[in-house]
Structure formats: C-alpha cells, structure tokens
Amino acid sequence: MFLPAPPIYPVAGIREIEARVMPGAKPSLMERAGRAAAEDAVRLIIDRPGPILVACGPGNNGGDGFVLARHFRQAGREVLAAFADDPARLPPDAAKALADFRASGGEPVSSLPSAPADGWALVVDALFGIGLGRPLTGRHAEWIAALSHLPAPRLALDMPSGLDADTGRVLGTAFRATNTTTFIALKPGLLTLDGPDHAGDVSVQRLDVDAAGWLEPLGHAVRPSLFSTLLAPRLRNTHKGDYGDAGILGGDAGMCGAALLAARAALWLGAGRVYAGLLDPHAPPVDVARPELMLRPAAALPGHLSALAVGPGLGQSGAAAALLREAIARDVPLVLDADALNLLAADPALQRALAGRAAPTLITPHPAEAGRLLGRDTAAVQADRVAAALELAARYRAHAVLKGCGSIVACTDGHWYINGSGHPGMASAGMGDVLTGLITALLAQGWPADRALIAAVHLHGAAGDRLAREGIGPVGLSASELVDTARGVFNGWMVEANRSGNGG
Ligand SMILES: NC(=O)C1=CN([C@@H]2O[C@H](COP(=O)(O)OP(=O)(O)OC[C@H]3O[C@@H](n4cnc5c(N)ncnc54)[C@H](OP(=O)(O)O)[C@@H]3O)[C@@H](O)[C@H]2O)[C@@H](O)CC1
Ligand SMILES: [K+]
C-alpha cells in the first residue's frame with residue numbers, strides 16, 4: 001500500500017490555515033503543538049536518562065517549547081528551559097505557555113546552562129519557527145551554534161531555527177537537528193536546498209487540522225501513490241510496438257557515453273525499442289554491452305518516435321542546434337536536457353518554437369542551467385528553488401525538474417512536487433543522462449508527461465538509495481550501476497501497486 005503524498009505549504013498557506021482554525025480551536029494550537037512534540041520527544045529519550053534542555057525564543061515557537069517543557073516536568077523529568085528574550089513582548093499564547101510552565105514549578109534560566117556530566121538526554125530547539133524574518137545574529141546565533149554541537153538527540157520544533165521555511169536557505173546560521181517535529185503540514189524549506197541537512201528526520205504532527213480541507217495544496221512531497229495507477233501489469237497479448245519507440249539524440253565527439261547511458265536507461269525501463277542518434281561521426285555502430293540498442297547517425301533517427309530526448313552529450317555545435325530545432329518541430333513528447341537547455345537559453349527563436357508546441361515538453365535543468373534559462377545567476381535560482389521551477393514551467397510551457405538537493409518538479413498547471421529520494425553520492429558524471437533515459441522510457445510507454453517526470457525523478461533517487469543501502473555508494477556510485485537497480489525498484493513498485501489493487 002503506497003502512502004498518500006503529503007501536502008506542502010509555504011508560510012503564507014500555513015498562516016491562512018492557522019487563521020481559519022485558530023479562533024475556535026480548543027485546546028489551542030500551541031497546546032496541541034507542544035504536546036505532540038513531547039510525544040515525538042519521548043520516543044527519542046526512551047533509553048536516555050538525564051535532564052532535557054529546551055531553548056525558547058521570543059515568539060510562538062518559544063511558546064511551543066514552554067508547553068513541551070511543562071509536559072516533561074509534569075511527567076517527572078528534569079527540564080531546563082533557557083529563555084533570554086523579553087517576556088513582556090511574548091505573543092499572548094506564548095506568554096500563557098510561559099505562565100503555565102512557571103505554574104508547574106519551572107523557572108527559565110537566562111543563559112545556556114553547561115551540559116551535565118553525563119550529557120543532556122535531549123536538546124530542544126524552540127527558538128524560531130516560521131516567523132523567522134531575517135538572518136540570525138548575536139546571542140541567538142551563538143546559542144544555535146552551541147546547541148548544534150551538543151552530543152544528544154536534537155529536536156527542532158516546527159523548523160530548525162535559522163532555516164527559511166519557504167526556501168530552505170540558512171539565514172545567518174541554523175540549528176542542526178537530528179529530528180524535526182513540524183506542525184500542521186510540511187514546509188518547502190524542510191525538504192530542499194539546506195533543509196534536509198538541518199532538519200534530520202521529519203515528523204509531521206497535523207494537530208487534528210485537516211490542512212487540505214481548509215486550503216487546497218499546490219505542493220506535495222513525492223510518493224509512489226502519485227503515479228501508482230500507472231503501474232498496471234502489462235497485458236499478455238502485447239508486443240514491443242505497444243511499449244513505444246524512444247529516441248535519444250546527443251553523443252558528440254568525446255560524449256557518446258552520455259547518449260548511451262540515457263539509451264540504456266530507456267531500454268532498461270521498458271521502452272519497446274530504443275534508438276540513439278549520435279553526432280560523433282566516429283561513434284561506434286553498436287553498443288556491444290547492450291546490442292539491443294539501435295545506434296544511428298544523429299540525423300538518421302526514425303521519423304516516427306513515441307518520445308524523444310535531446311541533450312545527453314549533445315554539445316553546442318551548429319549541427320546540434322539544427323537537430324534541436326528539428327526535434328522541437330516534431331509532434332512528440334520531448335525531453336530537453338544538458339546542452340539542449342544551454343542552446344535553448346541562448347536562442348529566442350528556439351524559445352518561440354518551443355512555446356508553440358502542442359505535444360508536451362519536459363526540461364531537466366540543474367541550477368546553473370536553470371539560471372541560464374531564466375537569465376539570472378545560479379545563486380538567484382537557489383535562493384528560491386520552488387519559485388524558480390514554477391517560473392521555468394510557466395515561461396517554457398514545459399514540465400520542469402530543477403535538480404539538486406530536494407529536486408523540485410513544477411508542472412504547467414501550477415502544481416509542484418519535492419522529491420526526497422536520492423543522496424549526494426549521486427552527484428557524479430552521467431547521473432543526469434540516466435534520469436533523461438528513465439523519463440523518456442515512461443513517455444514512450446504512454447505515461448502522461450507530468451507523471452512520467454515525477455515517477456522518473458523519484459525512481460532515480462530511490463535506485464540510488466537502494467544501492468547505498470547495499471554498500472554501493474554513496475561514495476563511488478556510478479551512473480551505469482543505477483540503471484539495473486532502477487529497473488529492479490520499478491518492478492518492485494509494480495508488484496506493490498498490483499498487490500494493493502493498483503490504486504496506491
Ligand atoms: N502556524 C501555526 O499554525 C502554528 C504555529 N505554532 C508555532 O508558532 C510559530 C510561529 O510563531 P511566530 O509567528 O510567533 O514566529 P516565531 O518563529 O516564533 O518567531 C517570531 C519571533 O521572532 C522574532 N524574530 C524573527 N526573526 C528574528 C531574527 N532573525 N532575530 C531575532 N528575532 C527574530 C520576531 O520578532 P520581530 O521580527 O517582530 O522583531 C518574533 O518575536 C510556528 O513556527 C510554530 O512553532 C504552533 O504553536 C501552533 C500552530
Ligand atoms: K525551532
């Protein structure tokens with residue numbers, strides 16, 4: 001049974017939901033948040049005696065911390081709450097949480113206590129949540145640096161302090177959590193850019209709020225349930241023509257391997273026939289390790305294809321640009337990757353041609369390619385990856401994946417997805433070519449373009465994760481190895497989907 005894809009809301013969405021739920025909420029959302037976080041915390045300290053340190057900040061995140069601290073006091077645990085902001089400026093709920101903590105016999109200390117001889121059982125970061133408005137400096141930054149290095153489970157409430165909830169950017173400095181309990185729903189900043197390195201394992205505590213019932217989410221975390229209905233078993237009475245003809249165009253001198261990797265991935269993920277059109281005039285006529293592939297000169301790809309990818313090893317020659325122009329004119333699902341994106345970024349005529357396509361287009365830029373496509377530098381793209389991916393999708397009328405930590409898939413209908421599979425061992429040569437091949441295979445088999453992109457991105461990372469679990473990576477994992485494993489993971493998903501009634 002595949003789990004549903006959890007919704008993701010930016011801060012504005014969380015605030016909107018909060019404003020609708022807040023007025024009548026009993027117990028208050030803060031009471032629910034502090035209690036839910038305490039329940040997560042109990043699991044972290046099951047075998048850990050000793051005191052708990054809770055660092056509380058000047059807003060409602062601090063209030064959550066006081067509620068958690070009170071619950072542990074009432075349960076008989078030793079708790080130290082550190083709080084050095086102005087109590088008179090606490091928002092009303094947080095002021096009440098502090099008063100309740102005091103009423104339970106607790107009293108905050110105004111500087112970070114030194115660690116007990118046997119260490120803390122748990123360190124809780126309740127300094128800042130979604131209200132973080134600027135880079136952290138001074139005492140707050142010092143506390144966060146000190147807390148981040150304590151050798152104990154480190155639990156962040158809602159967000160690791162210092163991490164921008166919308167973008168995953170570190171504002172000044174950010175808490176390094178082993179675990180994060182986030183409230184109501186996921187936020188993009190937990191899942192992309194610097195988020196995963198700071199949030200650790202993320203638990204979502206919904207606080208009995210049906211977020212999607214209040215506000216339709218545009219963002220989701222990727223789970224196989226997003227495409228499980230497409231994982232149907234093959235009918236017996238079928239032949240290779242039913243599974244599509246995939247074309248891969250690229251492979252100029254010195255870069256044939258890129259096109260071959262994409263082609264192999266397309267074949268291994270089930271495309272009926274795979275053609276590789278290679279620009280290098282000295283390209284081999286056959287892939288001896290994969291003789292099933294049909295290698296052709298770049299200009300000799302068949303007229304009819306079910307899906308076409310342009311880019312792996314393409315280069316930026318005049319011949320490459322001409323082939324790209326012809327490819328864009330084909331009425332076929334089209335994947336653009338690597339130098340196809342660089343050529344596109346530099347040529348307004350190609351961009352106009354792309355905008356006029358009726359068949360779906362998919363683009364797979366890494367942040368530097370995305371920057372070229374959007375006419376800005378890489379840092380500006382990374383500053384807000386969700387916004388950049390959505391802008392790419394709108395401007396190029398294409399489903400776009402912005403690769404990197406927490407790849408963002410943005411669709412032309414405005415929906416977006418953040419993928420959590422994969423690891424940094426996949427930052428190696430040829431990985432992007434394999435992804436292009438996987439996408440092309442699913443398109444060739446008739447998958448809707450948005451689902452093909454989401455599934456291939458998730459599969460690519462899941463294959464890397466499986467290999468890393470087996471000791472093949474993260475260090476030294478090669479793109480070729482990923483191809484076989486992606487096939488295994490995908491077939492496993494099909495078994496799972498059909499066991500659970502093919503509905504996720
Ligand atoms: N939403 C919900 O449904 C629920 C929300 N809940 C909880 O509330 C949290 C949001 O609370 P929040 O809005 O009070 O914001 P929060 O993160 O505590 O920080 C605001 C304070 O920080 C300050 N400040 C900001 N940046 C700063 C900086 N760099 N350096 C120094 N100060 C800085 C800012 O001051 P100001 O900018 O006004 O000077 C203000 O005082 C949310 O994350 C969750 O934990 C749950 O209880 C229940 C459900
Ligand atoms: K926090």
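Please treat every number below as a calculation from the coordinates, not as lab data. Being a predicted model, the structure only gives us computed values, none of them experimental. Note that each Cβ is placed from the backbone with ideal geometry, even for glycine, and that neighbours are counted across all protein chains shown.
The table below lists the values:
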read-out	value
Computed [θ] at 222 nm, helices only, for the chain once each DSSP H run of length n ≥ 4 contributes -39500 (n - 2.57)	-12000 deg cm²/dmol
LEU374, LEU305 arranged by Cβ crowding within 10 Å, fewest neighbours leading	LEU374, LEU305
The range 224-499: C-alpha gyration tensor shape, a/c 1.5 cut-off, then a/b vs b/c	rounded
Lys pairs under 28 Å by Cα in the chain, provided they are eight or more residues apart or on distinct chains	4
Residues ILE248, ILE17, ILE472 arranged by fewest to most Cβ contacts within 10 Å	ILE472, ILE17, ILE248
Prolate/oblate/rounded label for the range 1-76 (Cα gyration tensor, a/c 1.5)	oblate
Extension gain (nm, one decimal) between THR378 and ILE46, 0.36 nm per residue minus Cα-Cα	115.1 nm
Residue exposure sequence - PHE66, PHE2 - by fewest surrounding Cβ within 10 Å	PHE2, PHE66
Dipole of the chain, positive direction: furthest Cα of ALA165, PRO217, ALA359, with charges on the beta-carbon	ALA359
FRET efficiency for ASP210 and ASN491, using Cβ-Cβ distance with R0 set to 35 Å, rounded to 0.05	0.50
For the range 81-102 and the range 407-435, distance of Cα centres in Å	42 Å
Pairwise centroid distance, computed over Cα atoms, of the range 212-276 with the range 120-186, Å	39 Å
For the range 364-504: rounded, prolate or oblate by the Cα gyration tensor [a/c cutoff 1.5]	oblate
Simple Cβ-charge dipole of the chain, Lys/Arg +1 and Asp/Glu -1, about Cα centre, in debye nearest 20	620 debye
